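Student: Please find one structure pasted underneath; my questions will follow.
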Amino acid sequence: MFQLDVRSRKPIYEQLVDKIKELIIHRILKPDEQLPSVRMLSSQLTVNPNTIQRAYRELENQGYVYSIKGKGNFVAAIEQMTSDQKLLELKQDIKKLIAEAIYLGLTKEDLYVLFHEAHQQAKGVKRDD
Amino acid sequence: MIRVQSISKKYDKHLAVNDLTLQVKKGSIYGLLGSNGAGKTSLLKMIAGINRPDKGTIEINDLPVFENVAVKEKVVFIPDLLYFFPQATVAQMAAHYKEYYPGWSKDRFDQLKSAFNIDVNRKVHRLSKGMKRQVAFWLALSAMPDILILDEPIDGLDPVMRQKVKNLLFQDVAERELTVIISSHNLREIEDLCDHVGIMHNGKILIEKEIDDIKSDTHKVQLALADPTHEEHLLNQLNILHHEKRGSVSLLIVRGSEEQINKIIYSFNVLLYDLLPLTLEEIFIYEMEDVGYEIEKILL
């Protein structure tokens with residue numbers, strides 16, 4: 001389903017959390033779809049099952065995943081996600097990047113074009129869905 | 001659950017293990033790292049119930065382990081120097097193991113045959129070093145232990161086999177909550193295997209933590225300040241393990257969460273700022289440096 005970079009400095013459980021989040025946000029994993037079991041993912045990726053368990057727990061805390069006892073882990077519906085928090089974080093990141101780009105000569109018009117392009121892209125993803 | 005309570009062990013005058021306390025939860029893979037001669041093997045032999053500590057207690061599932069058959073039936077120890085009976089074939093060794101370990105599973109042994117692909121009628125002492133290791137793993141996993149103690153286990157296995165053995169261990173951990181203790185100084189090997197690590201030096205455990213916590217708890221920071229005179233003030237606010245200066249850029253190893261460090265550093269006017277998680281190898285080296293076990297730059 002996905003590959004991990006074992007050489008990366010990023011902890012494996014963080015990589016797992018980020019990858020699964022990405023799949024959920026891009027709707028490759030659909031709401032209420034079951035995530036692979038800890039056992040299966042462990043042998044597929046050759047990753048310690050405790051690490052995978054921990055990643056699933058973290059995803060549950062962040063609202064991306066819900067678990068049913070004895071059945072496994074499922075993708076949460078997008079509406080249920082705490083997207084406000086995420087948006088706030090993203091806005092801060094964007095602000096930092098824009099500040100740097102302005103220093104290097106980015107204009108308001110450039111920014112508008114960028115926004116437009118990104119908007120098109122996002123819509124494109126939805127159409128593929 | 002393995003509970004080691006303030007144990008010490010002396011060999012003649014040499015204090016190999018010094019008032020050491022350690023806990024390993026059921027279903028966890030615990031990596032024991034350490035400098036050469038730190039006392040890793042001494043500790044493992046005591047946990048396996050082979051040697052008796054001079055002081056302190058070791059309990060596995062709330063029972064003392066030394067010479068206790070009821071406990072040792074469920075513990076398999078693979079030492080760094082393997083021992084097989086002279087002239088014994090793989091099948092004969094399996095028969096011996098079956099006598100000692102009541103949990104022995106013939107089905108498992110047959111299943112694993114396809115994973116290891118070694119003829120059971122071959123004599124073990126004629127096999128290569130790596131193949132002997134494979135036989136040791138094969139026998140150990142077929143004995144279905146609750147606890148598996150491995151001393152420098154990955155030595156001599158080729159990359160494919162390594163991956164296979166890892167996968168087998170993970171399966172047993174996931175399916176029947178096998179507890180594993182592994183000693184090694186090959187940090188890369190441990191990094192993607194364990195969930196907990198303990199770093200040992202001079203008979204003591206220096207740090208013991210969940211591996212992902214260690215990684216998110218120590219960071220490498222590259223930093224240049226607009227006003228260098230503020231640097232001392234900044235450094236005083238951080239918990240610094242290591243500090244190096246290259247021109248106007250400082251390289252720091254800092255303990256603390258990313259958030260904390262960001263907050264402190266952004267309160268200054270920085271020209272350059274980079275924060276990276278550390279590899280286990282770097283953590284090991286810097287922690288060791290902290291206790292005076294340094295890599296000296298030796299030129300001959």
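Student: Give me the percent relative contact order of chain A, please, defined on Cα pairs under 8 angstrom at least 6 residues apart.
Tutor: 21 percent
Student: Can you tell which of B:Ser114, B:Leu278, B:Asn262 lies farthest toward the positive end of the dipole of the protein assembly as shown, using +1 and -1 charges on the Cβ of basic and acidic side chains (Lys, Arg; Asp, Glu)?
Tutor: Looking along the dipole axis, the top candidate is B:Ser114.
Student: Right, another one. Pick from A:Leu90, A:Leu23, A:Leu45 the residue whose mean-square fluctuation is largest in a GNM of chain A, springs joining Cα atoms under 10 Å.
Tutor: Evaluated over chain A, the most mobile residue of the options is A:Leu90.
Student: For B:Ser114, B:Ser183, B:Ser35, what's the fewest-to-most ordering of other Cβ within 10 Å of each Cβ?
Tutor: So the residues, fewest neighbours to most, are B:Ser114, B:Ser35, B:Ser183.
Student: A follow-up question, please. Could you pull out the pairs from B:Lys72/B:Lys123; B:Lys9/B:Lys113; B:Lys166/B:Lys263 whose alpha carbons sit more than 29 Å apart here?
Tutor: Correct reply: B:Lys9/B:Lys113; B:Lys166/B:Lys263.
Student: Quick one: which residues, 5+ away or cross-chain, put their amide H under 5 Å from the amide H of A:Ala76? H built at 1.01 Å from N.
Tutor: Amide H to amide H, under 5 Å and 5 or more residues apart or across chains, A:Ala76 pairs with A:Asp32, A:Val65, A:Tyr66.
Student: Any idea which of A:Asn50, A:Pro36, A:Ile20 is furthest toward the positive side of the dipole for chain A, if Lys and Arg beta-carbons carry +1 and Asp and Glu beta-carbons -1?
Tutor: Of A:Asn50, A:Pro36, A:Ile20, it is A:Asn50.
Student: Would you mind ranking A:Phe2, B:Phe84 by Cβ crowding within 10 Å, fewest neighbours first?
Tutor: A:Phe2, B:Phe84
Student: Can you list the HN-Hα couplings for region B:196-213, worked out from phi with the Karplus curve (6.51, -1.76, 1.60; θ = phi - 60°), rounded to whole Hz and with x for Gly and Pro?
Tutor: 10, 10, x, 9, 10, 8, 6, x, 10, 8, 7, 9, 9, 7, 5, 5, 5, 6
Student: Given the -39500 (n - 2.57) contribution per DSSP H run of 4+ residues, what per-residue ellipticity at 222 nm results for chain A, rounded to the nearest 500 deg cm²/dmol?
Tutor: Roughly -19500 deg cm²/dmol at 222 nm, from the helical runs in chain A.
Student: Using +1 on the beta carbon of Lys and Arg, -1 on that of Asp and Glu, and nothing else charged, what's the dipole of the protein assembly as shown about the Cα centre, debye to 20? Walk me through the intermediate numbers first.
Tutor: On the way: 56 positive and 61 negative charges, 308 e Å.
That gives a dipole near 1480 debye.
Student: What FRET efficiency comes out for the pair A:Arg27/B:Ala91, r = Cβ-Cβ distance, R0 = 45 Å, nearest 0.05? Kindly include the intermediate steps, with their values, before the conclusion.
Tutor: Details: r = 54 Å, r/R0 = 1.20.
Computed FRET efficiency for A:Arg27 and B:Ala91: 0.25.
Student: Expressed as a rounded percentage, what relative contact order does region A:1-64 have, with Cα pairs under 8 Å and six or more residues apart? Don't jump to the answer; show the numbers that get you there.
Tutor: Details: 35 pairs, mean separation 24.3, N = 64.
Reported relative contact order: 38 percent.
Student: If you place +1 on the Cβ of every Lys and Arg and -1 on the Cβ of every Asp and Glu, how big does the dipole about the Cα centre of chain B come out, in debye to the nearest 20?
Tutor: 1420 debye
Student: What is the magnitude of the charge dipole of region B:1-114 about its Cα centre, with +1 placed on the Cβ of each Lys and Arg, -1 on the Cβ of each Asp and Glu, and no other charges, expressed in debye to the nearest 20?
Tutor: The calculated dipole for region B:1-114 is roughly 140 debye.
Student: Using the Cα centre of the protein assembly as shown as origin and beta-carbon charges of +1 (Lys, Arg) and -1 (Asp, Glu), tell me which of B:Gln163, A:Val75, B:Val17 is placed farthest towards the positive end of the dipole.
Tutor: Going by the Cα projections, it comes out as B:Gln163.
Student: Step by step: find N for the protein assembly as shown, compute 2.2 N^0.38 Å, then divide the Cα radius of gyration by it. What's the final number?
Tutor: Scaled against compact globular proteins, the figure is 1.17.
Student: Karplus couplings for region B:216-233 from phi (6.51 cos²θ - 1.76 cosθ + 1.60, θ = phi - 60°), rounded to Hz, Gly and Pro as x?
Tutor: Along region B:216-233, the couplings run 8, 9, 10, 9, 9, 10, 10, 8, 9, 9, 5, 10, x, 5, 7, 4, 4, 4 Hz.
Student: When the Karplus curve 6.51 cos²θ - 1.76 cosθ + 1.60 is applied with θ = phi - 60°, which whole-Hz ³J(HN,Hα) does each residue of region B:244-253 get, with x for Gly and Pro?
Tutor: Couplings: 9, 10, 10, x, 8, 9, 9, 10, 10, 10 Hz.
Student: So, one more: Can you list residues from other chains, or at least 5 along the same chain, whose modelled amide H is less than 5 Å from the amide H of A:Leu29?
Tutor: A:Ile24
Student: Express in nm, to one decimal, how much length is gained between B:Asp54 and B:Ile264 on full extension, taking 0.36 nm for each residue of separation and deducting their alpha carbon distance.
Tutor: Details: separation 210, 0.36 × 210 = 75.60 nm, distance 4.74 nm.
Residue separation times 0.36 nm, minus the Cα-Cα distance, leaves 70.9 nm.
Student: So what is the relative contact order for chain B, in percent, with contacts set as C-alpha pairs under 8 Å and at least six apart?
Tutor: This gives 20 percent for chain B.
Student: Would you please give the residues with an amide H less than 5 Å from that of A:Gln62, counting only those at least 5 places away or on a separate chain, with H modeled from the backbone geometry?
Tutor: HN-HN under 5 Å from A:Gln62: empty list.
Quick note: the coordinates plus some simple rules give every number you see, no bench work behind them. For clarity, every value in this text was computed on a predicted model and none was experimentally measured. Every residue, glycine among them, receives a Cβ derived from its backbone with ideal geometry; neighbour counts consider all protein chains shown.
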